[in-house]
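Quick notes on the structure that follows.
All of the numbers you see were taken from the coordinates with simple rules; none came from a lab. Remember, predicted model here, so these are calculated numbers, not experimental data. A quick note on method: Cβ atoms are made from the backbone with ideal geometry, for glycine too, and the neighbour counts reach across all protein chains shown.
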Amino acid sequence: MRQYELRRDESGTEADDGRAREVLQGLNEAQRTAVQATDGPVMIIAGPGSGKTRTLTHRIAYLIARGKAQPRDVMALTFTNKAAREMKQRVQQIIGSGSARGMWMGTFHSTFARLLRREGEHIGYTSDFSIYDTDDTDRLLRNLMKGMNIDPKQFKVRTMRSLISSAKNQLVSPEDYQRMATGAAQERAAQLYGPYVQTLRRANALDFDDLLIKPIELFETHPDILEQYQRRWRYLHIDEYQDTNHAQYKLAKLLAARHKNICVVGDDAQSIYAFRGADIGNILSFQRDYPDATVVRLEQNYRSTKTILQLADSIIKQNEDQLEKELWTDNHEGEYVVLIEALSERDEAKKIEQTVRDLHVREGYSYDDFAILYRTNAQSRSLEEALRRGGIPYRVIGGVSFYQRKEIKDVLAYLRLLVNPADQASLRRVINYPTRGIGAKTQERLFQYARREGLSAWQAIQQIDEAGLSTRAQNAIERFGFLISSHAAKAESMPADELARALIKETGMLDELRNENTRESLGRWENVQELISAIAEFTAQAEEATLATFLQEVALLTDLDEDEGQGNRVTLMTLHASKGLEFPVVFVSGLEEGLFPLSRAAQEREQLEEERRLFYVGATRAEQKLFLSYARSRFLYGKQESAVRSRFLDEIDPAVVRTKAGGPIKRQKDRFTLDEGDAVDYDEVDPHYYRRNLRGSKNTSSKRTRKTTRRASNGSSSGRRVVYDEGAAEIVPGVRVEHDHFGEGKVQALDGEGEQMAATVFFQSVGQKKLKLKYAKLRRIG
DNA sequence: AGAATGGACTTTTTT
DNA sequence: AGTCCATTCT
């Protein structure tokens, strides 16, 4: 594509028209309509693989090419930082380098963090505020709960956090929430909400929700500032609009109110973040908010084969809530979608690994053509093991990312404390790490003293001699105070990376890691070094290159933002993380009841529909080949559990799916009929049945329906599933065995390893016995 | 103060 | 299996 110089002062000339025409090249009719609708509100309803981000990008380029807007008039809000980066690069590719300068592109969170850096002082935040992630807020909440005698066993911290979070997102104040809270959990959350907000405030800290609601507060209390930004951002673009929450919706509305040049892109069928407060209603009601909106549908799919699209369509058709949309593609028919059936999660992983290897060797796919998707992060383990065994390079996205690692968070906490001494969460985190003689008791006294005197913890440290502590404790605290303040004093004169290095060195963290001298501790040591390089790199090239900015941006980074990166590797990630990506070959694994859909989600229609959309998202990541897999038993939470394959497999169009052997797939209903011939109805089966513990038969659910009781007790018939595993002993829970003395019995459970392996067996003659396999000669029968 | 040990409990997705 | 907690040991 030809490059253009940006000529700011010649907008509207013929040359610019030519440039604008070029921006439209390679777009289909619908995409062009969306690009050219430059005035007023626009909603683009776009299916997967329809080039929606591309359309948005070209629209921005078009606005500039046509002279409708200067780069600084444009704002684009994306789902990930990476998406923003790519969009910026694309715009520059299309209309010339440097042409995106001054554009605000980024996620909602990073964009409004930036805004608060500039304007936060108007509502009482200095620009070096700390951003608390869920780890920090959970700690903080746990402390509050302790102080208020709320039992964390009865009311989980994460539950409290998410209740408070949704109240915040709904813009409900602590006072109002106290009034409207119903039920024990909500009432507790209402109790915590006020103190929680105050603690954050005192710490000059913001949580993720604050990054959105504080700007709203700012705009509502300072109309002049709002107007200034309304004037500036004349063109507002929002990608993945179906995943915006109420606060984001409100922000968009405020900013667009003046010019109404708001362009949103989204797909209601891909809304998968309701648990985080995303409101699918935002996209469904866009036309109500902007009655004169231009609505464009992007229905042509450029990504997937006809077969894959047909499968995806058969999934999403099952949902009641959706906007009308007819997806189609010019692509090839493609191959059947393949269902991989496995006996255990190890077996599943092995079969996936073999398939990857096979396609790599026989069909020449490169490793980065593959993505393996799963519902929960815990599932990556067995897949990783299989890939490692097979010598296939891979990378895992999500899970514990670099900036979530303990050693990194520790260092970051030190640095945050330097920048923002009010930051209480960080102070608590590092005050006694590495251990320096400030134990729990001393800390408690310190915080008590601070509270009594109405001081921040940091202020209390400054005057610790008045706190009446033992000399030893006092000295330890003074030393810690000096450690922080002496380095904070150097912050002005020293480059951030050097400062970080000096501080870390003096804390003794590095020595401790080195002395431990294990592979893990050396890895951690390297991570810390890497962090210091990252700080150096950031300060060398960022626009606002302060340590505070670094810390804020780092808090908002995700694994997804990482560059595709080095090397040719298979990608492993959750279905959620796969949003917006595409791969030639995709595996959707773990299609089992209770896992996908998750058992909690299967209860209510709305949640079940979200799971189904998640399946839809996963399936539509695939360009050429799609594999679905499930295992008949799975090792979860320390136990081997049996599993029934997912109801989603029954919902998909059987005409496009084949088993690995090439045969048509059998429907669940055919396989798991009861003796009487009744078909299995998912709604009637106790969900616990699916995840019944095969070992230890005691804790089977008491709330089984009549049908399932009958089914569970009827030994060898079609409903019974038994755990097998390749290479595993013949003796596994569920099999019938024979013993020289006791006769026939059934294995209930296995435990211990190697020599110590013992089986709990129920014998008809003598009842339950626990026998060491080494001594008892058990023979498997049947 | 801090390390070591044992028991209870886990059971989702993430900006 | 891993984590968090309380208790006990050093």
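Scan around A:Glu641 for amide H atoms under 5 Å from its own, H built in the peptide plane at 1.01 Å from N, and keep only partners 5 or more places away or cross-chain.
Amide H neighbours of A:Glu641, under 5 Å, 5+ apart: A:Arg634, A:Phe635, A:Leu636.
Please list A:393-399, A:370-376, A:518-524 highest first by mean number of surrounding beta-carbon atoms within 10 Å per residue.
Result, highest mean Cβ count within 10 Å first: A:370-376, A:393-399, A:518-524.
What list of ³J(HN,Hα) values in whole Hz, one per residue of the stretch A:377-386 in order, does the Karplus curve 6.51 cos²θ - 1.76 cosθ + 1.60 (θ = phi - 60°) give from phi, with Gly and Pro shown as x?
Values per residue, Gly and Pro as x: 4, 4, 6, 5, 4, 5, 5, 4, 4, 5 Hz.
Show the residues, 5+ positions off or on another chain, whose built amide H is closer than 5 Å to the amide H of A:Ser599.
Those lying under 5 Å, H to H, from A:Ser599 are A:Gly594.
Ranked highest first by average number of other Cβ atoms within 10 Å, how do A:636-642, A:595-601, A:58-64, A:623-629 line up? It would help to have the intermediate numbers written out before the result.
Working: A:636-642: 15.1, A:595-601: 19.9, A:58-64: 27.4, A:623-629: 23.9.
Taking the mean over residues of other Cβ atoms within 10 Å, the ranking is A:58-64, A:623-629, A:595-601, A:636-642.
Would you kindly state how much longer the chain becomes between A:Glu516 and A:Arg72 on full extension, computed as 0.36 nm times their sequence separation minus their alpha carbon distance, in nm to one decimal?
Numbers: separation 444, 0.36 × 444 = 159.84 nm, distance 5.19 nm.
Length gained, A:Glu516 through A:Arg72: 154.7 nm.
Which whole-Hz couplings ³J(HN,Hα) result when phi for each residue of the stretch A:338-352 is put into the Karplus expression 6.51 cos²θ - 1.76 cosθ + 1.60, θ = phi - 60°, listed in order with x for Gly and Pro?
Rounded to whole hertz, the list is 10, 9, 9, 9, 10, 8, 9, 5, 5, 5, 4, 4, 5, 5, 5.
Could you calculate the FRET efficiency of A:Arg142 with A:Arg405 from 1/(1 + (r/R0)^6), where r is the beta carbon distance between them and R0 is 25 Å, rounded to 0.05? Please report the intermediate quantities before stating the final value.
Working: r = 20 Å, r/R0 = 0.82.
That pair, A:Arg142 with A:Arg405, gives E of 0.75.
Taking the Cα atoms of the stretch A:464-576 alone, what are Rg (to one decimal) and Dmax (as a whole number) in Å?
Gyration radius and largest Cα-Cα distance of the stretch A:464-576: 18.7, 61 Å.
Quick check for the stretch A:75-176: number of Lys pairs with alpha-carbon distance under 25 Å, counting only pairs 8 or more apart or on different chains? It would help to have the intermediate numbers written out before the result.
On the way: A:Lys146/A:Lys156; A:Lys146/A:Lys168; A:Lys153/A:Lys168; A:Lys156/A:Lys168.
For the stretch A:75-176, qualifying lysine pairs total 4.
Arranged from highest to lowest average of other beta-carbon atoms within 10 Å per residue, in what order do the peptides A:205-216, A:348-359 appear?
Numbers: A:205-216: 22.8, A:348-359: 20.4.
Put in order of decreasing packing, that is A:205-216, A:348-359.
Could you give me the ³J(HN,Hα) list for the stretch A:429-438, computed from phi with Karplus coefficients 6.51, -1.76, 1.60 and θ = phi - 60°, whole Hz, x at Gly and Pro?
The phi angles translate into 5, 10, 4, 10, 10, x, 4, 9, x, 10 Hz.
Long-range amide H contacts for A:Ser130: which residues qualify at under 5 Å (H placed 1.01 Å from N, peptide plane, sequence gap of 5 or more or a different chain)?
Distant-sequence amide H within range of A:Ser130: A:Ala205, A:Leu206.
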